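In what follows, a structure is listed as structure tokens, so that the remarks can point back to it.
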Number of protein chains: 2
Amino acid sequence: MFYVIGLGLGDAKDITVKGLEIIKKCDRVYLESYTSILTVQQEALEEFYGRSLITADRELVESGADEILPRNEDEDVAFLVVGDPFGATTHTDLILRAKERNIKVKVIHNSSILTAVGCCGLQLYSYGETISIPYWTYTWQPDSFYEKIASNRQRGLHTLCLLDIKIKEPTLESILKKKKEYMPSRFMSVNEAANQLIAILDNKIQDGHKDLAFTHQSLTVGLARVGCEDQHIVACSLQDMTHVDLGPPLHCLIIPAEKLHPLEIEFLTQYTLDKSQFKEMTQ
Amino acid sequence: MFYVIGLGLGDAKDITVKGLEIIKKCDRVYLESYTSILTVQQEALEEFYGRSLITADRELVESGADEILPRNEDEDVAFLVVGDPFGATTHTDLILRAKERNIKVKVIHNSSILTAVGCCGLQLYSYGETISIPYWTYTWQPDSFYEKIASNRQRGLHTLCLLDIKIKEPTLESILKKKKEYMPSRFMSVNEAANQLIAILDNKIQDGHKDLAFTHQSLTVGLARVGCEDQHIVACSLQDMTHVDLGPPLHCLIIPAEKLHPLEIEFLTQYTLDKSQFKEMTQ
């Protein structure tokens, strides 16, 4: 059997009882290590599970299905994923490869940032399409996600912005030399995301666009380490979000709908930096 | 401390290790019993947790915050919710009432149907606004959710349809008599949902509408008991969805985007009833 097990968002104890039981009995256990992170390291997980884990980086997962998947009917293999197993396309692909080989697959679900963001009080049923904000480079500065935020706002919906993560990305040099060297890991902060959104706004203003989907003064909600002991949430203007300190990763950002439900406003109030400014933004 | 703990979607062992530890040490533990259900009964949970649970029906949750919330700083109370704690507005309200009383609140997240639907292979990032399909009565047959499906389809997005649940709803007679009598529980099946969607389509056709958002032959995906041992998924036309047998509740229904990603098509193929019809629908 091939088990794909969600680990949730926080630490070792966020696994489900069912998931933990399976890990303990499997022949091999892989830890997917490149699409997200927990607040604890692999060693802490190994100690809690009472067994060693095999690190599964992008190279292994995308090309090593044969190595990962059970080799026969009697072998049980677990593949551990931060959040819920269906968050990333590569895991879906691995499940398909298993089914091609007639290997039985079982998925153990867990919490995902896509629903855990409910903790800021914005109703989960009022979200539109989720977007991803990638790190810009000098030559690649995509802004197509702006249109998705605009489209959500037009329909009175919130937008969850997932922020870029770079784990074990090869350096340009190492690609050219065909020698493996990796860049240090990077996790986009809400400050960086807010700065990119403001740059997009400024470009649109410079190009003479009117009726912008949001402004420097629009309400945003920044969330850090959702589901962890030191979870931190701040509701403030996009402008102020460029210099709020939410601490270590992972961060995500929400651009709420223009009009909020009274209960949403009441709930968000506890996370505001400036109550009078918040009142203006939500009137 | 007031703990709000998600139970996930399946049985007793879908709780997280962290959640279980908290339940064991709390002074009182409530089980919210009216917005969703697990595949096991309260007795099975009590046996697994090794303690008794207090049933929290709608009346208690919506008017009994004083009764539920901790009475002093030393008291620990847990409130258990199927899925993730932020799925329903009433739980958000309970958290606000706790904060008003300066009671500390801690949330233990878990999987939610909103992300667990990823198991059918449709990418979670390609969903638009989630809709709820309510039971129609002779005098109340709302169809406003049709416009939301249409809007999602226009933008190339999937629509998750959550289906109505009626648990412990007072009978009309009992409201008039002021004597408490409840209707039997009802859980909308994908068949009932598909029939209502077809009725809406037929009304639109009769009213001369063109460019309908979907047709009787559009692809739909029905899911039953997601995350459970006997989970069942079927991909077929809306017309066929009216008579597919997915077994016991809970069901939900997806109206996919018109154009699917090749990986989505490959994944969905395993759930089709008629491969050649499926090929036509996804061309």
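Coordinate-derived values only; no laboratory data. Only a predicted model underlies this, so the values are computations on that prediction, with no experimental measurement involved. Neighbour counts run over all protein chains shown; Cβ positions are idealised from the backbone, glycine included.
Structure data summary
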| read-out | value |
| --- | --- |
| Projected label distance in nm at A:Asp74 and B:Phe48, using a 7 Å step from Cα toward the beta-carbon | 3.1 |
| Inter-chain shielding of B:171-178 (mean C-beta neighbours from other protein chains, 10 Å cut-off) | 0 |
| Dimensionless Rg over Rh [segment B:1-116; C-alpha; Kirkwood] | 0.92 |
| Separation between Cα centres of segment B:135-198 and segment A:93-116, rounded to whole Å | 30 |
| Under 5 Å, built H, 5+ apart or other chain: amide partners of B:Leu7 | B:Val81, B:Val82, B:Gly83 |
| Whole-Hz ³J(HN,Hα) from phi, Karplus 6.51 cos²θ - 1.76 cosθ + 1.60, for segment A:82-92, glycine and proline x | 5, x, 9, x, 9, x, 10, 4, 4, 6, 4 |
| Other copies of A:Asn195: label-to-label distances in nm, shortest first, labels 7 Å along the beta-carbon direction | 5.9 |
| Shape parameters for the protein assembly as shown, alpha-carbon atoms, Rg then Dmax in Å | 23.8, 83 |
| Shortest-first distances to equivalent copies, position B:Glu266, nm, label 7 Å out along Cβ | 4.9 |
| Protection proxy ranking of B:233-242, A:17-26 - average other beta-carbon atoms within 10 Å, highest first | B:233-242, A:17-26 |
| R0 of 56 Å, Cβ-Cβ distance A:Tyr138-B:Ile205: FRET efficiency to nearest 0.05 | 0.55 |
| Cα centroid separation - segment B:205-283 against segment B:41-62, whole Å | 35 |
| Shielding of A:142-151 by partner chains, average beta-carbon count, 10 Å | 1 |
| Chain B pair-distance distribution - Cα-Cα, 10 Å bins, rounded % | 6, 26, 30, 23, 12, 3, 0 |
| For segment A:116-181, diffusion coefficient by Stokes-Einstein and Kirkwood Rh (Cα), 20 °C, 1.002 mPa s, µm²/s | 147 |
| Number of partner chain Cβ atoms within 10 Å, mean per residue of B:13-22 | 6 |
| Above-threshold pairs, the threshold being 32 Å between Cα atoms, out of A:Lys104/A:Lys178; A:Lys13/B:Lys180; A:Lys25/A:Lys179; A:Lys204/A:Lys259; A:Lys148/B:Lys166 | A:Lys104/A:Lys178; A:Lys13/B:Lys180; A:Lys25/A:Lys179; A:Lys148/B:Lys166 |
| Within the protein assembly as shown, percent of DSSP bridges classed antiparallel, to nearest 5 | 45 |
| Potential lengthening between A:Thr171 and A:Ala150 on full extension [0.36 nm per residue; Cα-Cα distance subtracted] | 4.1 nm |
| Peptide ranges B:268-279, A:254-265 listed from the most packed, as the mean C-beta count within 10 angstrom indicates | A:254-265, B:268-279 |
| For segment A:222-233, 3J(HN,Hα) per residue [Karplus equation, 6.51 cos²θ - 1.76 cosθ + 1.60, θ = phi - 60°, Hz, x = Gly/Pro] | x, 10, 10, 6, 4, x, 9, 3, 9, 3, 9, 10 |
| The protein assembly as shown - charge dipole about Cα centre, Lys and Arg +1 at Cβ, Asp and Glu -1, debye rounded to 20 | 260 |
| Descending principal axes extents, segment A:108-246, alpha-carbon based, whole Å | 50, 46, 28 |
